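Read through the structure below, which is laid out as structure tokens, and then see the notes.
The values are calculated or read from the model by the stated rules, or taken from the named source; none is laboratory data. All figures in this text were calculated on a predicted structure; none of them were measured in a lab. Reconstructed Cβ throughout: ideal geometry from the backbone, glycine too, with neighbour counts over all protein chains shown.
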Amino acid sequence: MEVILVRDAAEGALTAARYFKSQIQKKPTSVLGLATGSTPIPLYRELIRMHREENLCFSGVTTFNLDEYFGIAPDHPGSYRFFMKQHLFDHVNLHPKHVHLPDGQTQNVESHCAEYEALIKKGGGIDLQVLGIGHDGHIGFNEPSSSLASRTRIKTLTQTTVNANQQFFRPGEQVPRHVLTMGIGTILDSRQCLLLAFGKAKASAIALAVEGPLTAKCPASALQLHPKTTAIIDHDAASLLALREYYREVQTNKPEWQRV
Ligand code: F6R
């Protein structure tokens with residue numbers, strides 16, 4: 001996995017946004033995989049700025065989000081559709097028909113998840129997938145012990161994840177315990193992945209994901225099998241990486257033609 005060390009979340013967001021811009025410019029009909037949570041918020045802010053000030057055009061772009069809570073309406077302020085509207089969709093020229101999230105109110109989970117997979121395939125597959133990482137090493141909501149070959153399905157959140165997500169709900173309001181999430185196999189099918197991690201709280205998950213053994217105990221470690229994943233990690237989140245100096249050398253010596 002390629003590792004890019006950045007100073008802080010602001011620099012990480014700029015770096016990730018450059019990957020998105022380059023992808024969209026190369027292929028205006030790109031299929032983007034999107035994530036929610038606090039990590040990608042500065043990235044989305046930067047993409048909105050690029051749209052406004054640098055004419056970055058989303059009109060041909062299709063998006064698929066990693067996940068959605070099960071059992072809440074799309075207009076619920078805690079839903080991931082609401083989050084995406086607030087942080088990206090309402091501010092760029094994405095066509096509403098090109099925007100996809102799992103339906104948290106589906107009556108038939110199994111067939112809906114199979115349809116979501118089929119829709120990604122029909123769209124030509126995901127060109128660039130952005131990922132955050134949970135404190136327990138989850139990507140999407142593939143919690144520890146998830147099958148490394150899993151596809152979109154319903155999952156039960158761990159208590160740690162429920163607690164971490166409480167910030168997006170009103171005090172006292174219950175965070176849903178179930179989500180529909182792309183599987184690890186679905187994520188690994190993306191042509192390119194960007195794993196973002198900022199802050200001390202992500203340091204142990206990042207050390208396991210990037211340098212630890214390949215294990216369902218840390219679902220993000222499955223990215224070691226992906227041929228084109230770039231991890232963009234700030235100083236604090238990188239603090240437990242043993243090969244930090246090596247990653248810096250690789251970055252410094254990266255050939256011009258490989259720079260984004
Ligand atoms: C969200 C998602 C999750 C988050 C992860 C980190 O769509 O798939 O894997 O990326 O829980 O969340 P934050 O960024 O809030 O620390």
For the structure I just gave you, tell me whether Gly140 is under 22 Å from Lys202 (Cα atoms), surrounded by 15 or more Cβ atoms within 10 Å (Cβ to Cβ), modelled with pLDDT of 95 or more and of a type outside the set (Phe, Trp, Tyr). yes
Flag if Thr186 is modelled with pLDDT of 95 or more and surrounded by 24 or more Cβ atoms within 10 Å (Cβ to Cβ): yes
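For region 1-108, which strands (runs of 3 or more DSSP E) that fit wholly inside it have 1 or more residues that are surrounded by 19 or more Cβ atoms within 10 Å (Cβ to Cβ), in contact (Cβ under 8 Å) with a residue 12 or more places away in the chain and hydroxyl-bearing (Ser, Thr, Tyr)?
62-65, 67-69
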Any idea how many residues of region 157-179 are surrounded by 18 or more Cβ atoms within 10 Å (Cβ to Cβ) and within 11 Å of the ligand (Cβ to nearest atom)? 7
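May I ask you to say which residue of Ile154, Ile126, Ile120 is in a strand (DSSP E or B), more than 9 Å from the ligand (Cβ to nearest atom) and among the β-branched types (Val, Ile, Thr)? Write out each step before concluding.
Values: Ile126 fails: in a strand (DSSP E or B); Ile120 fails: in a strand (DSSP E or B).
One residue alone meets the criteria, Ile154.
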Scan region 72-119 for residues that are β-branched (Val, Ile, Thr) and touching a helix residue (DSSP H, G or I) at 6+ places or on another chain (Cβ under 7 Å) and jot them down. Val92, Val99, Thr106
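Restricting attention to region 129-151, and to residues there that are of a type in the set (D, E, K, R) and within 14 Å of the ligand (Cβ to nearest atom), which single residue is farthest from Thr186 (Cα to Cα)?
Per the stated criteria, the residue is Asp136.
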Against the condition within 20 Å of Pro219 (Cα to Cα) and modelled with pLDDT under 95, how does Thr156 come out, does it pass? no
